[in-house]
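One structure is given here, and the rest of the page talks about it.
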Amino acid sequence: MTTSTTSTASTANTATTAETAKAPSDQTPSGTATAANAVTPSGTATAAGTPVAVEAAAQVRRRRRLSPGRRLPASRLVGPLLFLALWAAASAAGQLDPAAVPAPWTVLETGARLWTDGTLPTDILTSLQRAGAGFAIGLTAGIALALASGLSRAGEALIDGTVQLNRAIPTLGLIPLFILWLGIGETFKIAIIAIVVYIPIYLNTHAALAGIDSRFVELAEVQGLSRFRFIREIVIPGALPGFFVGLRLGVTGSWLGLVVLEQINATNGLGYLMFQAQNYGQSDVILVGLVVYGIFGLVSDSAVRLIERRVLSWRRTLSS
């Protein structure tokens with residue numbers, strides 16, 4: 001009787017063990033086991049912390065490295081600071097001719113002297129006024145022409161070809177003609193800057209408008225949206241990414257055009273300061289002007305990037 005009872009219990013335990021071995025293990029959605037078990041591709045259960053689990057975690061980490069990673073603070077200053085360090089090291093080692101490329105500390109001393117005697121602040125203010133006026137006109141013209149051309153076939157027929165023709169003509173090559181039309185004063189300088197600014201803003205905004213999915217337009221028609229709501233809810237969000245690209249190019253173009261224009265019949269401004277320094281062989285003064293232009297370009301581009309990130313915070317991109 002005792003032997004029979006022991007045999008029955010042994011048989012029950014064996015069956016329970018077999019059922020437990022056959023039962024599928026609980027898995028997470030990623031295909032790995034719970035905290036107690038890990039499942040290999042072949043389905044073999046392995047204890048957590050074994051080489052198989054470590055390899056699976058390493059594969060997850062490798063997949064995450066495809067993205068650029070977390071944004072570093074002030075990362076755009078790394079390149080300029082590295083260039084400045086190399087410049088200073090080469091100057092200290094005597095590898096650069098001081099007459100042609102002065103040392104950074106020499107340029108800093110010259111800039112402080114020009115600022116103290118009032119020359120640099122006056123020229124910076126004049127350049128900012130010219131660049132600001134031309135940029136405002138170019139920004140307004142670029143947006144208006146892009147909307148008129150992108151939202152109307154008649155507008156596209158009238159505007160787009162003309163803008164493409166203007167883009168093909170070197171803008172600085174228009175300077176002699178604009179001098180004949182507008183005189184040699186401030187007006188032609190502002191007009192040239194406006195042309196340099198409006199072309200990239202128009203091109204990128206128009207391209208963004210043309211790239212809006214037609215299904216959104218059909219949805220707006222089905223929903224019976226008014227023209228104003230259609231522009232506000234579909235056109236503007238769809239065109240903003242391209243607009244900001246054009247805006248950054250336009251900001252940079254305004255500074256590039258200003259360098260050339262301020263050397264033509266100007267009596268003040270950073271370009272005039274650099275032109276006069278060229279006549280007297282003052283390379284340190286020229287570098288002061290270039291550094292100021294570079295700072296203006298970097299600050300304005302960073303400001304546009306900041307505004308873009310705030311306005312387009314709803315987008316999930318690599319840069320965000």
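The values are calculated or read from the model by the stated rules, or taken from the named source; none is laboratory data. What you see is a predicted model; the values in this text were computed from it and never measured. Virtual Cβ from ideal backbone geometry, glycine too; neighbours counted across all protein chains shown. Note: areas computed on protein heavy atoms with side chains; ligands, DNA, RNA excluded. Shrake-Rupley method; radii C 1.70, N 1.55, O 1.52, S 1.80 Å.
Taking the stretch 75-103 as the range and being open to solvent by 70 Å² or more (accessible area, probe 1.4 Å) and either closer than 22 Å to residue 297 by Cβ or in contact (Cβ under 8 Å) with a residue 40 or more places away in the chain (or both) as the test, the residues that pass are 76, 77, 78, 81, 82, 83, 84, 86, 99. Among the residues of the stretch 279-317, those identified as assigned to a helix (DSSP H, G or I) and of a type in the set (D, E, K, R) are 284, 301, 305, 308, 309, 310. Can you spot a residue in the stretch 198-211 that is open to solvent by 50 Å² or more (accessible area, probe 1.4 Å) and assigned to a helix (DSSP H, G or I)? So far as the stretch 198-211 goes, yes, one or more of its residues are open to solvent by 50 Å² or more (accessible area, probe 1.4 Å) and assigned to a helix (DSSP H, G or I).
Of the numbered criteria (1) open to solvent by less than 40 Å² (accessible area, probe 1.4 Å); (2) over 30 Å from residue 216 (Cα atoms); (3) at pLDDT 90 or above, the one residue 183 fails is (3).
When 106, 126, 116 are checked against the criterion of being touching a residue at least 12 places away in the same chain (Cβ under 8 Å), farther than 27 Å from residue 247 by Cβ and over 26 Å from the mean Cα position of the chain (by Cα), a single residue qualifies: 106.
From the list 131, 157, the one residue that fits, being over 13 Å from residue 195 (Cα atoms) and in a helix (DSSP H, G or I), is 157. When we screen 145, 151, 128 for residues that are open to solvent by 30 Å² or more (accessible area, probe 1.4 Å) and in contact with a Gly (Cβ under 9 Å, 6 or more places away or on another chain), the only hit is 145. Considering only the stretch 76-113, how many residues are over 14 Å from residue 295 (Cβ atoms), among the hydrophobic types (A, V, I, L, M, F, W, C) and in a helix (DSSP H, G or I)? Residues meeting the conditions: 11.
Scanning the stretch 154-173 for residues being charged (D, E, K, R) and crowded, with 19+ Cβ neighbours inside 10 Å gives a total of 1. Scanning the stretch 257-281 for residues that are of a type in the set (S, T, N, Q) and more than 23 Å from residue 98 (Cβ to Cβ), we see that the one that is least open to solvent (accessible area, probe 1.4 Å) is 268. Selection of first residues in the stretch 161-187 that are closer than 14 Å to residue 257 by Cβ and of second residues that are loosely packed, with under 11 Cβ neighbours inside 10 Å and at pLDDT 90 or above, restricted to Cβ pairs under 8 Å at least 6 apart or on distinct chains, gives an empty result. Among the conditions (1) touching a Phe, Trp or Tyr at 6+ places or on another chain (Cβ under 8 Å); (2) open to solvent by 70 Å² or more (accessible area, probe 1.4 Å); (3) not small (Gly, Ala, Ser), residue 192 misses just one, which is (2). Among the residues making up the stretch 282-301, those that are open to solvent by less than 60 Å² (accessible area, probe 1.4 Å) and either closer than 17 Å to residue 80 by Cβ or modelled with pLDDT under 90 (or both) are 287, 288, 289, 292, 293, 294, 296, 297, 300, 301. Residues in the stretch 243-278 that are outside any helix (DSSP H, G or I) and under 27 Å from residue 303 (Cβ atoms): 5 in all.
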